[in-house]
Amino acid sequence: RSCDVHPSHSRLIWSPLTAIPGACCVAMGCFFSAEDQVVPLDEPEESDDPMAKLQAKIARLRAELKGDMSKLKESAQKWRYMSTTVGKLAHLNDQFENDLNDEANAHAALTYHIADQDAIDIYEACKGFGTNEEKLGRVILGRMKETIQLTDEIYQKRHKRTLEDQVRGENKTLLGMLGADSLSHYGRFLSYRTMPQCKRDALLFRRCVSGFGCSDKILVELLSTRTNDELRAAAEQYAKSFDGEDMVERIMKETGGFGKKWYGKWIDTLVEFDRDESGEMPDDIEDKAKQLYDAGAAKWMGCDEQVFIDILCKASEETCAAIAEAYENLEETKRSLAEDVEKKMGGDLEFAVLARVRNRMDFLAIRLHKACKGWGTDEECICRVLGCIDNLEVRALHALYDEMFSEEEPPLNDFKALVNKELSGSLAEAVIHCLECPPPKGHWHPKTTYEPSATADADQFRADLEEKFDEEKAMLLGGTDLHGPLKLCNVDEHFLCEGYDFDLCCVHEMHQDPDMSHVFECEPEDVPAAEKLIMALEGQISQVRQDTEKNNMAAEGAKAMYYDRAHSMRCKDNHLLQLCSDNTEMLEFCAQRDAETVHEAVDGWGTNEDKLIRVLCSLTKRQLRRVDEIYAEKYGKTLREVTDGELGGLFEGSFKYFMKCAITPPAELDAELLRESMKGLGTNDTLLCEIVCTRSNKELQDAKALFAEAEGKSVEEWVEGDTSGF
């Protein structure tokens, strides 16, 4: 036979002969060649037996239910992981928030302590005849603007005088500084550091346009290195300080006139204070570079100044740098944009255009170089450039100068060596101190940058989290023991600060499959029982699918909170790390200085009780302990020994007792108070109960150990002997 017929439904069945070329198959009068396409046959038709049909349906529904239960388990595990992790993130966010508040308060207290002591040091440096310029400069030049502002506020409240007035030596109006000899260069340098920026810039603009002619280079320097907001603030302050005079009108008046047509137009454009600061880069950079080449270097004579004004005057620093780079890449160019400007232009316009072509820091480095090169030294330029930027920029400018002029002859190739050669006296020492002094926080970044920096880091952390998130990994994690530290999906390092990888509980139990024995184990014996089982199976399938959908929706809904809370946690973690680092550095800075102050107060004949008390009473216990350690290391005495030996007379009794409690380490103090409560006749039950009832177990254990070591007898034995009897 070439083909078989199934006895139950007479359908064609595969035969080995169908694989033989040319073979023919015959079935029910039909002929086809083995070379024709052979289509596999359908499954056998269902039986007409009702019970058989129901049993087949039961088998199919049971298979569906098993598959659905597997999906339910996966969805439950994923929801368990997401819900648990979101809960842990909420707990950690609260913990970070509390710790962040504590460190922020400590940061504010340390910052105020530094500023307060600075105000005292400045007053002491200036009082009486003469000035301790070294001490004055060390404070003003070694602090950030935010600290100087706080010191200024404290100084005004305490002495009714601003730091600017104190540095200048006497109360003057701003016009009093216009005289050439009104201040030494050292005085100007310090005054630039103490003045609010808007007030300082207003004064500098005033000096540019006062007297005969205009100081065009200083004017261009100011207009080209300040932001739009800084220039507007200076203009507003200018009007307040100088009888309502309009700064813009005065500048335009001083820079116009015969022979200054294009330079005047350039300045007129700058004083609109609307230079591009959007950070967006134009699409036609190469075209702008070509226009500048055609307007300048490509011309046989002269240049089209208006093109330079239109393209460069209001462009951002980033755009100017991109144009300069594209200019050098033009096939026609043989020089840089700056070199062609120097070749084709001259005078004040050349200087003004170069101030825009070069970036701000390069321009300032060149200003410092020219201030020292050749005959004489422009001390005013050095004081103005370094005095008007913050310490972080001073360090960057120092490094940039050494890099830019490394090929120059000594000392022009080393800015520090150049300062030592070109400057002298207090000014040289002040500039060197500005270049070298360590900051109290260990860095020069202002506090206003912490939150944006933390947010940027958190944004990147969230982006990485979203990219690495894996649904299958989350599901697998949900099937494990989630008691323990936070586990973010595919993240190795969770925290920047230490101490947050502690165990957290999981409130959700592991998924357990629901009991389905009633639909899987029973075998119906008749049609009604089979139909009933089918209804139960369909109900269970519907319920399982609903539960699966709920789990999936809940897990998907939790995903947004997962990302949001992880972002929030990372932001707080980053901010906390910065504050903790600052506090560690500031605590050490304060402790070192306070130890020196204590020594100054007790050194020599007599004791400066005011200074000693002012320092010791303004510190927290944490600060006092560190001061105590440093003082003992440097001078071989503890603060307790110092106060016991130096404070007498009016300071006997309660005050010395207070200082003992403030300075003595906790365990040592508790051991001493326990001894005090039980020594001599009778027992001070109030003090004894206070110590025993208000200390933790660990604190009592530490105190008991020290007590037994000092007395040769345990606390229990003392207490039993002193509290027994009638």
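The values are calculated or read from the model by the stated rules, or taken from the named source; none is laboratory data. Note that this is a predicted model, so its numbers are computed, not measured. Please note: Cβ atoms are built from the backbone with ideal geometry, for glycine as well, and neighbour counts cover all protein chains shown. For accessibility, only protein heavy atoms count, side chains too; no ligands or nucleic acids. Shrake-Rupley method; radii C 1.70, N 1.55, O 1.52, S 1.80 Å.
A few points about this structure:
- ALA239 free of Cβ contacts under 8 Å to residues at least 12 places away in the same chain, assigned to a helix (DSSP H, G or I) and among the small types (Gly, Ala, Ser): yes
- Filter result for ALA591 (surrounded by fewer than 18 Cβ atoms within 10 Å (Cβ to Cβ), under 29 Å from GLN95 (Cα atoms) and either at pLDDT below 95 or of a type outside the set (Ser, Thr, Tyr) (or both)): no
- Within the range 194-209, the set of residues being in contact with a helix residue (DSSP H, G or I) (Cβ under 6 Å, 6 or more places away or on another chain) and outside any helix (DSSP H, G or I) comprises MET195 only.
- Here the condition is being aliphatic (A, V, I, L, M), in a helix (DSSP H, G or I) and in contact with an Asp or Glu (Cβ under 9 Å, 6 or more places away or on another chain); of ALA458, ALA474, ALA463, it holds for ALA458 alone.
- Cβ-Cβ under 6 Å pairs, at least 6 apart or on other chains, the range 44-73 side part of a helix (DSSP H, G or I) and at pLDDT 90 or above, far side hydroxyl-bearing (Ser, Thr, Tyr) and open to solvent by less than 60 Å² (accessible area, probe 1.4 Å): LYS71/THR548; LEU72/THR548
- For beta carbons closer than 7 Å, sequence separation of 6+ or different chains, a first residue in the range 610-625 that is open to solvent by less than 20 Å² (accessible area, probe 1.4 Å) and a second that is among the polar types (S, T, N, Q), the qualifying pairs are VAL615/THR597.
- Applying the condition of being surrounded by fewer than 16 Cβ atoms within 10 Å (Cβ to Cβ) and over 12 Å from LEU349 (Cβ atoms) to the range 252-268 and asking which residue is modelled with the lowest pLDDT yields PHE258.
- PHE726 at pLDDT below 85 and not in a helix (DSSP H, G or I): yes
- Pair list, Cβ under 6 Å, 6 or more apart: the range 219-230 residue closer than 15 Å to MET361 by Cβ, other residue of a type outside the set (S, T, N, Q): SER224/ALA355; THR225/ARG360
- Looking at LYS447, LYS441, LYS468, just one residue is within 30 Å of TYR186 (Cβ to Cβ) and either open to solvent by 80 Å² or more (accessible area, probe 1.4 Å) or without any contact (Cβ under 8 Å) to a residue 12 or more places away in the chain (or both), and that residue is LYS447.
- Residue match in the range 556-577 (condition: farther than 19 Å from LYS656 by Cα, small (Gly, Ala, Ser) and outside any helix (DSSP H, G or I)): no
- Residues that are part of a loop (DSSP other than H, G, I, E, B) and open to solvent by less than 20 Å² (accessible area, probe 1.4 Å), drawn from the range 479-499: LEU482, LEU486, LEU488, CYS489, CYS497
- Residues satisfying the stated conditions in the range 664-713, i.e. part of a helix (DSSP H, G or I), basic (Lys, Arg), more than 23 Å from ASP644 (Cα to Cα) and in contact (Cβ under 8 Å) with a residue 24 or more places away in the chain: LYS704
- Within the range 589-622, the residues that satisfy the criterion of being under 34 Å from the mean Cα position of the chain (by Cα) and farther than 17 Å from GLU124 by Cα are PHE589, CYS590, ALA591, GLN592, ALA595, LEU616, CYS617, SER618, LEU619, THR620, LYS621, ARG622.
- The residues of the range 653-683 that are modelled with pLDDT under 85, among the polar types (S, T, N, Q) and open to solvent by less than 70 Å² (accessible area, probe 1.4 Å), listed by number, are THR664, THR683.
- Yes/no for VAL507 being surrounded by fewer than 17 Cβ atoms within 10 Å (Cβ to Cβ), in contact (Cβ under 8 Å) with a residue 24 or more places away in the chain and within 29 Å of ARG462 (Cα to Cα): yes
- Breaking point among (1) in a helix (DSSP H, G or I); (2) in contact with a helix residue (DSSP H, G or I) (Cβ under 8 Å, 6 or more places away or on another chain), for SER581: (2)
- Only one entry in LEU496, LEU476, LEU486, LEU482 is in contact with a Ser or Thr (Cβ under 6 Å, 6 or more places away or on another chain) and in contact (Cβ under 8 Å) with a residue 60 or more places away in the chain, namely LEU482.
- Residue within the range 688-706 that is under 30 Å from GLU585 (Cα atoms) and surrounded by 13 or more Cβ atoms within 10 Å (Cβ to Cβ) present: yes
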